[in-house]
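The values are calculated or read from the model by the stated rules, or taken from the named source; none is laboratory data. Since this is a predicted model, take the numbers as computed values, not measurements. Positions of Cβ are generated from backbone atoms using ideal geometry, with glycine treated the same way; all protein chains shown enter the neighbour counts. When the accessible area is computed, the model is the full protein with side chains, heavy atoms only, and any ligands, DNA or RNA have been set aside. Shrake-Rupley method; radii C 1.70, N 1.55, O 1.52, S 1.80 Å.
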Amino acid sequence: MASVLPYKISVLVFIENAAGEQLLLLRAKQPNLGVWTPIGGKLEMTTGESPFECAVRETAEETGLQVTAAELHLFAMIAEKAYQGDTHWLMFLFRCRQPIASLPPDISEGKFAFFSREKIKGLPIPETDKAALWPIFDQYRDSFVALKADCARSPIKITIEQITGRET
């Protein structure tokens, strides 16, 4: 009998500086220890937190940048099956429309740096980010796409379930 994996809900927030460079966090904790990712975190489900509320809270907690839900664009929802073999994730991906003025100070989650989109391609990033998240950002950051990723297989199988807000 197959084991039952926990299902977690989270957000990722893609934030740029005025030069168009992406703010990334070199993670000091699992998941994704030792690799660069956008900021984010898990929804506080006990309080009924929405993905937008979580994105606003995580942005403030991790970077100090104060944003409103109106300054965030939800551009993707991705369901990851069996990520790292131990958890299913439902992730909401947001693009922050407000640029961040400077590099935030290091936090317990890790340290920050700005990178051009081209430089990110050569960084140590999670396999799912390389296969799905950054290509999704590049293609759909101004529209919306819903996807699923089967992380239990190699290579990861990505399936687009719906696209809205742009010509396909």
Report task. Could you work out the mean projected area of the convex hull around the alpha carbons of segment 129-168, in square nanometres to one decimal? Result -> 2.8 nm²
Query raised in the report: In Å², what does the accessible area per residue of segment 66-168 work out to with a 1.4 Å probe?
Result: 53 Å²
Report summary line: Sorted by chain and number, the residues with a modelled amide H under 5 Å from that of SER10, at a separation of 5 or more or across chains, are LEU43, LEU90, MET91, PHE92
Report task. Please tell me the relative contact order of segment 14-168 in percent, rounded to the nearest whole number, where contacts are Cα pairs under 8 Å and at least six residues apart. Result -> 27 percent
Requested in this report: Quote the FRET efficiency, to the nearest 0.05, computed for THR46 versus GLN66 with a Förster distance R0 of 25 Å and r equal to the Cβ-Cβ distance.
Outcome: 0.55
**Report entry** Spin-label pair ALA19/SER154, simplified geometry with 7 Å Cα→Cβ offset, distance in nm
**Finding:** 3.6 nm
Query raised in the report: Listed here are the pairs LYS42/LYS119; LYS119/LYS157; LYS42/LYS148; LYS8/LYS148; which of them are more than 22 Å apart at the Cα?
Result: LYS42/LYS119; LYS119/LYS157
Query raised in the report: So how much accessible area does PHE115 have, in Å² to the nearest 10, using a 1.4 Å probe?
Result: 20 Å²
Query raised in the report: For segment 110-168 and segment 58-93, what is the separation of their C-alpha centers, rounded to whole Å?
Result: 12 Å
Requested in this report: Mind grabbing the accessible area of CYS96 for me, 1.4 Å probe, Å², rounded to tens?
Outcome: 10 Å²
Query raised in the report: Once a ≥ b ≥ c are taken as the square roots of the eigenvalues of the Cα gyration tensor of segment 1-134, is the result rounded (a/c under 1.5), prolate (a/b larger than b/c) or oblate (a/b not larger than b/c)?
Result: oblate
Query raised in the report: For the chain, what does -39500 (n - 2.57) per DSSP helix run (n ≥ 4), summed and divided by total residues, give at 222 nm, in deg cm²/dmol to the nearest 500?
Result: -4000 deg cm²/dmol
Requested in this report: Take the alpha carbon gyration tensor of segment 88-168, find the square roots of its eigenvalues, order them as a ≥ b ≥ c, and report rounded if a/c is under 1.5; if not, report prolate when a/b exceeds b/c, else oblate.
Outcome: oblate
Report task. Can you tell me the 0 to 90 degree angle between the C-alpha axis of helix 51-63 and the longest principal axis of the chain, rounded to 10? Result -> 50 degrees
Requested in this report: Quick one: pull the percentage of alpha-carbon pairs in segment 12-62 with a separation above 14 Å.
Outcome: 57 percent
Query - Charge-dipole axis of the chain as Lys and Arg at +1 and Asp and Glu at -1 on Cβ define it, positive-most pick from SER108, LEU25, THR68 - result: LEU25
